[in-house]
Amino acid sequence: MATYCEVTGRRWPGFGKAVSHSHRRTNRRFDPNLQRKRYFLPGENRWIRLTVSAKGIKTIDARGIEAVVARLRATDPDVRRRLSPGRKN
């Protein structure tokens with residue numbers, strides 16, 4: 001599974017410090033909130049799978065899946081290969 005959001009392009013994990021009540025600082029990771037989601041493309045009458053973060057899901061809800069997939073096909077060669085119209089996912 002990809003370790004980045006295919007919609008927003010954000011990569012993880014982030015690193016930082018956990019601060020306890022006594023202000024002791026220990027290292028921690030900020031792991032991604034990635035989801036593997038299925039979306040239906042009505043223009044092509046098929047389902048696709050995307051690895052998206054919570055913000056990517058909100059972006060798809062706001063812009064629409066057709067617009068997001070069109071932008072992905074125009075910019076990202078890896079996603080373009082996977083989301084080509086003739087391919088079954």
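Using per-residue counts of other Cβ atoms within 10 Å, averaged over each peptide, order 42-50, 21-29 from highest down. Walk me through the numbers before you get to the answer.
Values: 42-50: 13.3, 21-29: 8.3.
Descending packing order for the listed peptides: 42-50, 21-29.
Over the residues of the chain, the helix contribution to mean residue ellipticity at 222 nm works out to -8500 deg cm²/dmol, using -39500 (n - 2.57) for each DSSP H run of at least 4. Evaluating 6.51 cos²θ - 1.76 cosθ + 1.60 at θ = phi - 60° for every residue in the stretch 24-39, the Karplus couplings come out as 6, 10, 10, 5, 8, 10, 9, 6, x, 9, 8, 10, 9, 10, 9, 10 Hz, glycine and proline recorded as x. The calculated FRET efficiency for the pair R11 and R38, based on their C-beta separation and a Förster distance of 30 Å, comes to about 0.85. Measuring how big the stretch 10-89 is from its alpha-carbon positions, Rg and Dmax come out at 17.5, 58 Å.
Close amide-amide hydrogen proximity is noted between S53 and E6, V7, T8, Q35, each under 5 Å apart and 5 or more residues distant or on a separate chain (H modeled in the peptide plane; Pro and chain starts excluded).
Given a Förster distance of 35 angstrom, what is the FRET efficiency for R25 paired with Y4, based on the Cβ-Cβ distance and rounded to 0.05?
Numbers: r = 28 Å, r/R0 = 0.79.
Computed FRET efficiency for R25 and Y4: 0.80.
None of the figures in this text is laboratory data; all of them are computed from the coordinates on show. Predicted model, so just to flag it, every value in this text is computed and none were measured. Backbone-built Cβ (ideal geometry, glycine too); neighbour counts: all protein chains shown.
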